[in-house]
Amino acid sequence: MSPKLTHVPTQLYIDGNWIDGSQPTAPIKNPATGEVITEVSQGAEEETLTAIAAAKAAFPLWSKHDPLERANIMNQIADLIEEEAERLALIMTLEQGKPLKEARSEIQTDIENFRWNAAEGQRIYGEIIPSPMDHHWLIRKQPIGVVAAITPWNFPSNMIARKIAPALAVGCTLVMKPSKETPLSALALVDIFDRAGLPKGVVNIVLGSSKTIGKVLTESNDVKKLTFTGSTKVGQLLYEQSAPTLKHVSLELGGHAPFIVFQDADLSLAVESLLAAKFRNNGQVCTAPNRIFLHEKIKDDFVEQLLKKISDVKVGNGLDDPDIGPLINESAIEKIQNQLSDATQKGATILYGGNRLTDGEYRDGLFFEPTIIDGITNEMNIYYEETFGPVIPLIGFTETEAVIAAANDTEFGLASYFFSNNLQTISQTASSLDYGIVGVNEMAISNAAVPFGGVKHSGFGRENGKYGVEEYVEVKFININTHLKK
Ligand code: NAP
């Protein structure tokens, strides 16, 4: 184990116990150095079934807890995360690669998720519907039951927190499966749940083959809801696998965000916003701007400003807090290289970067230069495929209606952004973009209070805010006849 990685459990956590799985352990690598930082336990069908049984057994008690008691435990979790934020950020940077400052800010969002949902869990109000005098028509919101949560590696802590916090708040119990690339952030969180006094069986974590575990979770009649964040391909598969048991399903899937700069925009704000959003987590973000539409009247100016600023972007080991860390694995690098080579063969021009970094400090890691590529058309793969890397693809436009149509020309519909100072353009564009989220002169589009989610092949369901909580409740109608015979 790396000397910097301390106090992280590496086993499965089922029914309040840390246990070894039945399968051979798996190595976890630091993508900045290639170093194996530790080995984690692996389970399979048997452990997943045991975890489901533990969550099922814990449900009656947890769901009947006084909401205030649940909130107290969740606030205790938030306090412990806050106390241990630096350690959790370090674990994340070591296994995922992102710069420490980004890891710290992800941990802050966990704290916000737990505190916000702890409060909201006490406000799951039902309704009284006007009824005939001799009846009471009541609506109660009740927890769905056992929830399966499958999460990705790009936000290895917060993708868990934003599912677990609302589920716990309303009284659900969970079995979670994090990505094989980043189990340590998940295990460190579960360790905190344990120390905060979460009753046994309320949250369980299984590690191992995602295919095997995913199949058991989706096929189980005891699992009443699947919440998944990850690729569209896997989301579609899990949706299909969940059909026979008629589970509730929420899917937070891929994105391919357009970023439109109109001619009346504040250009320096747009340039700075683009760099910050595109290079956050090295572009490995479902809401990362992926197609940059620039009005022809401001395009040269914008590109000049962009080129000046991009040369300051520092790439390095996340522990040194650069602007960009490594990518997650070799296939992430291959995907970028394939998209760039396809685009240049079809006429695009690389204005900056374009290469894997392999010398000196980059030798053993998975680093790629920040890249700008111009002349992108809809004949190129990069126009339609999510990139998940530090690449800025530029496209010129002249007409508002045409650029909106181009921005909507994708199977995805998660986040979108545009910059304009014209009220009419703002109003028309915001309502016409076929996306779950629209940032107008603003890139901060996610926090604990506001709904997050997509349309089309970006999935369905919402996380965060009151809409996120509603994903974990059933609506029950109770009709009480008070006209009883004596
Ligand atoms: P992924 O390959 O779909 O994996 C996501 C999770 O699914 C991981 O835990 C993975 O486990 C698991 N998985 C893979 N195959 C499975 C199967 N057959 N059955 C059950 N589980 C399976 O996605 P990723 O590469 O980790 O994450 C990147 C993707 O997530 C991107 O498309 C990104 O846009 C999307 N994303 C979306 C949001 C959003 O809120 N909309 C947020 C973040 C990321 P293993 O890793 O162990 O195989």
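Sparsely packed loop sites in segment 335-433 (the trypsin sites (Lys or Arg not before Pro) outside DSSP H, G, I, E and B with at most 16 other Cβ atoms within 10 Å) comprise Lys346, Arg363. Computed from label points 7 Å out along Cα-Cβ, the spacing between Thr25 and Lys297 is 6.4 nm. Using every pair of distinct Cα positions in segment 244-334, the Kirkwood expression returns a hydrodynamic radius of 15.4 angstrom.
Taking all Cα pairs closer than 8 Å and separated by 6 or more residues, the relative contact order of the chain comes to 19 percent.
What do you get for the angle between helix 232-242 and the principal long axis of the chain? Use alpha-carbon atoms, 0 to 90 degrees, nearest ten. Helix 232-242 sits at roughly 20 degrees to that axis. Residue farthest toward the positive end of the dipole of the chain, with Cβ of Lys/Arg at +1 and Asp/Glu at -1: which of Met380, Gly235, Pro289? Value computed over the given set: Gly235. Placing a pseudo-label 7 Å from each Cα along the Cα-to-Cβ vector at Ser131 and Thr358 gives an inter-label distance of 7.3 nm. Charge dipole (Cα centre; +1 on Lys/Arg Cβ, -1 on Asp/Glu Cβ; no other charges) of segment 392-473 amounts to roughly 180 debye.
Accessible area of Arg87 (1.4 Å probe, protein heavy atoms only, ligands and nucleic acids ignored): about 50 Å².
On a 0 to 90° scale, report how tilted helix 296-310 is relative to the longest principal axis of the chain, with both axes built from alpha carbons and the result rounded to the nearest 10. Approximately 80 degrees, to the nearest 10. Restricting the calculation to alpha carbons of segment 13-103 gives Rg and Dmax of 17.3, 48 angstrom. Magnitude of the charge dipole for segment 1-72, about its Cα centre and with charges confined to Cβ atoms of Lys, Arg (+1) and Asp, Glu (-1), is about 240 debye. By DSSP, the beta bridges lying fully in the chain are antiparallel in about 45 percent of cases.
Accessible-area rank, largest first, for Thr109, Thr151: Thr109, Thr151, with all protein chains present and a 1.4 angstrom probe. Against the chain, whose longest principal axis comes from its Cα atoms, helix 100-120 is set at around 30 degrees. Summed over the residues of segment 1-96 and divided among them, the accessible surface reaches 46 Å² per residue at a probe radius of 1.4 Å. For the chain, the Cβ-based charge dipole about the Cα centre amounts to some 1600 debye (Lys, Arg positive; Asp, Glu negative; other atoms uncharged).
One-quarter of the Cα convex hull surface for segment 389-480, in nm²?
9.1 nm²
Per atom type, the chain shows carbon and sulfur on 51% of its accessible surface, probed at 1.4 Å.
For segment 238-306, relative contact order (Cα pairs under 8 Å, six or more residues apart, normalised by length) works out to 40 percent.
Only Cα pairs under 8 Å and 6+ residues apart enter the sum, and on that basis the relative contact order of segment 426-485 stands at 21 percent. Stokes-Einstein diffusion for the chain at 25 °C, viscosity 0.890 mPa s, with a Kirkwood radius from C-alpha pairs, works out to 104 µm²/s. Between Asn17 and Gln142, the modelled labels are 3.1 nm apart [label points 7 Å from Cα along Cα→Cβ]. Placing unit charges on each Cβ (+1 for Lys and Arg, -1 for Asp and Glu) gives the chain a dipole about its Cα centre, and among Asn441, Gly454, Ala51 the Cα reaching farthest toward its positive end belongs to Ala51. For the pair Lys485 and Ala402, what calculated FRET efficiency results from E = 1/(1 + (r/R0)^6), where r is the Cβ-Cβ distance and R0 = 60 Å, to the nearest 0.05? Plugging the Cβ-Cβ distance into 1/(1 + (r/R0)^6) gives 0.25.
Calculate for the chain the 222 nm mean residue ellipticity that helices alone would give, adding -39,500 (n - 2.57) per DSSP H run of length 4 or more and normalising by residue count, nearest 500 deg cm²/dmol.
After summing the helix terms and dividing by residue count, I get -12500 deg cm²/dmol.
The values are calculated or read from the model by the stated rules, or taken from the named source; none is laboratory data. Everything quoted here is computed from the prediction, not taken from an experiment. A quick note on method: Cβ atoms are made from the backbone with ideal geometry, for glycine too, and the neighbour counts reach across all protein chains shown. Protein only, heavy atoms only, side chains kept; ligands, DNA and RNA dropped before computing areas. Shrake-Rupley method; radii C 1.70, N 1.55, O 1.52, S 1.80 Å.
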